[in-house]
Amino acid sequence: MAERWRLETHTFHLPEGKMTITLKDVAILTKLPISGDAIIGATTKPEGGWGPLIRDRLGFDMPTTTPIQGRGHPPLNAGQVSVPWLVSHIQNEVEINDETLEDQVERYARIYLIGLVGGFLFPDKSNRWIQGIWFPFLTGDWDAIGEKSWGSAVLDGLYR
């Protein structure tokens with residue numbers, strides 16, 4: 001489908017004709033909210049980089065120099081975070097059961113959400129990296145996450 005997308009007209013060129021995706025289409029297909037607060041913010045990394053933000057909000061440090069096994073890039077690289085590294089880090093840490101603390105469950109849920117956003121809603125070409133600019137939205141106020149207009153952000157991402 002990517003080969004059939006025309007950025008200049010925001011349409012797919014299919015054998016049946018031209019087709020575009022509207023905000024209503026995104027809402028119906030993804031069930032994401034299209035009303036609410038816009039997802040806007042700084043597109044630059046914080047003064048100390050994304051590492052301190054991740055440490056403060058998720059409770060662990062991400063290596064910035066050790067490459068991922070079989071790859072030449074570390075898990076935190078140039079404003080991007082490796083989604084597979086995050087998921088494997090949590091899977092290796094603790095298994096969720098009835099005795100798991102509430103803050104740990106919330107942290108695991110946030111990492112799952114980060115994986116969902118990075119791998120499904122705003123994927124890069126490899127589906128392995130999420131841009132750091134999403135972290136303030138996904139690691140901030142837990143209740144505010146659902147009040148954002150994620151559907152319009154997804155449509156914007158598609159158009160870009």
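The values are calculated or read from the model by the stated rules, or taken from the named source; none is laboratory data. Predicted, not measured: the structure shown is a model, and the values here were computed from it. Don't worry about glycine lacking a Cβ; one is built from the backbone with ideal geometry, like all the others, and counts go over all protein chains shown.
Observations on the model:
- Residues of the range 119-145 that turn out to be under 19 Å from GLY49 (Cβ atoms) and in a helix (DSSP H, G or I), as a count: 7
- Taking the conditions (1) more than 13 Å from ASP37 (Cα to Cα); (2) assigned to a helix (DSSP H, G or I); (3) at pLDDT 80 or above in turn, SER152 satisfies each one other than (1).
- Number of residues in the range 12-49 that are surrounded by 15 or more Cβ atoms within 10 Å (Cβ to Cβ) and either at pLDDT below 75 or of a type in the set (Asp, Glu) (or both): the value is 1.
- Qualifying residue in the range 120-138 (condition: surrounded by fewer than 18 Cβ atoms within 10 Å (Cβ to Cβ), closer than 16 Å to LEU76 by Cα and touching a residue at least 60 places away in the same chain (Cβ under 8 Å)): yes
- Flag if LEU116 is in a helix (DSSP H, G or I), in contact with an Asp or Glu (Cβ under 9 Å, 6 or more places away or on another chain) and either at pLDDT 75 or above or under 26 Å from ILE28 (Cα atoms) (or both): no
- Any chance VAL105 is touching a residue at least 40 places away in the same chain (Cβ under 8 Å) and assigned to a helix (DSSP H, G or I): no
- Within the range 2-33, the residues that satisfy the criterion of being assigned to a loop (DSSP other than H, G, I, E, B) and more than 15 Å from VAL154 (Cβ to Cβ) are LEU7, GLU8, THR9, PRO15, GLU16.
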